[in-house]
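No value in this document is a laboratory result; all are computed from the given coordinates. Bear in mind the structure is a predicted one, so any value in this text is a computation, not a measurement. Ideal geometry is used to build each Cβ from the backbone, glycine not excepted, and the neighbour counts take in all protein chains shown.
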């Protein structure tokens, strides 16, 4: 069933479809009067709505509230992924798949080895595109929360206080700091964040800086993962640990 997100605090009794939502549901998917869709409000409440009064001339359609729907699709822990900027469309893949895997927040920034020439104008445009990708992926995976994506010139350590923080480090000896041991500390936590480096990894100074701000270095296993795959591996382990 098709799902859309609205900016209402509460589910309305009626909702008018216009613009891109009308185009996708009525003109692309060719939904007709009587068909049902799901609408999610800002609080993650899901409502089942029936389409009615489709006006082809004005390109509007009315959705009538039918009933609430109870669905628990979110990870039981809020996950923030901190990712060094990488080249090409790899960060788009990270946002799309990471949203499907349950991430709550994404923070991208240029690390020492990031192959990106950072500029504020580039960051603003890229951030808008990544947030659109997050919305699309949230709809596809039937999330009740749309992840927030930020691209920043520097990592805001001050906003990451008072929560467990991990740094995926390829040179960390797996037997000394496994992800399994780290997750045991999250049993009674509601949030966690983990940082992932670019293709070239972290510099020793970056690792020390992370550790100085309370990040624990962890190993993701005996194999070296690609930059775009490491966050997905982390989310998969979280899902297995908390949900299976």
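Things to note:
- Taking 0.36 nm per residue of separation and subtracting the Cα-Cα distance, full extension of the segment from residue 242 to residue 229 would add 2.7 nm.
- Of all DSSP beta bridges in region 3-69, antiparallel share, percent nearest 5: 85
- Residue 211/residue 129 FRET efficiency (R0 35 Å; Cβ-Cβ; nearest 0.05): 0.60
- Cβ-derived FRET efficiency at R0 25 Å, residue 52 paired with residue 3, nearest 0.05: 0.85
- Among 104, 141, 190, the largest mean-square fluctuation in a Gaussian network model of the chain, built with springs joining Cα atoms closer than 10 Å, belongs to 190.
- Cα gyration tensor, region 78-243 - rounded (a/c under 1.5), prolate or oblate: oblate
- Summary of packing: across the peptides 39-46, 191-198, 54-61, 145-152, the per-residue average of other C-beta atoms within 10 Å ranks them, highest first, as 191-198, 145-152, 39-46, 54-61.
- Helix 120-140 axis versus longest C-alpha principal axis of the chain: approximately 60°, rounded to the nearest ten.
- Degrees, to the nearest 10: 230-243 long Cα axis against longest axis of the chain: 70
- Largest mean-square fluctuation among 38, 21, 93, in a Gaussian network model of the chain whose springs join Cα atoms under 10 Å apart, belongs to 21.
- Estimated FRET transfer efficiency when R0 is 41 angstrom, pair residue 157-residue 29 (beta carbons, to 0.05): 0.40
- Placing a label point 7 Å from the Cα of residue 62 along the Cα-to-Cβ direction, the residues of region 1-25 whose backbone N falls under 15 Å of that point are 12-18.
- The angle between the Cα long axis of helix 90-101 and the longest principal axis of the Cα atoms of the chain comes to about 70 degrees, rounded to the nearest 10.
- Global geometry of region 1-104, whether rounded, prolate or oblate, following the gyration tensor of its Cα atoms and the 1.5 cut on a/c: oblate
- Region 17-79-region 135-214 distance, computed between alpha-carbon centres (Å): 34
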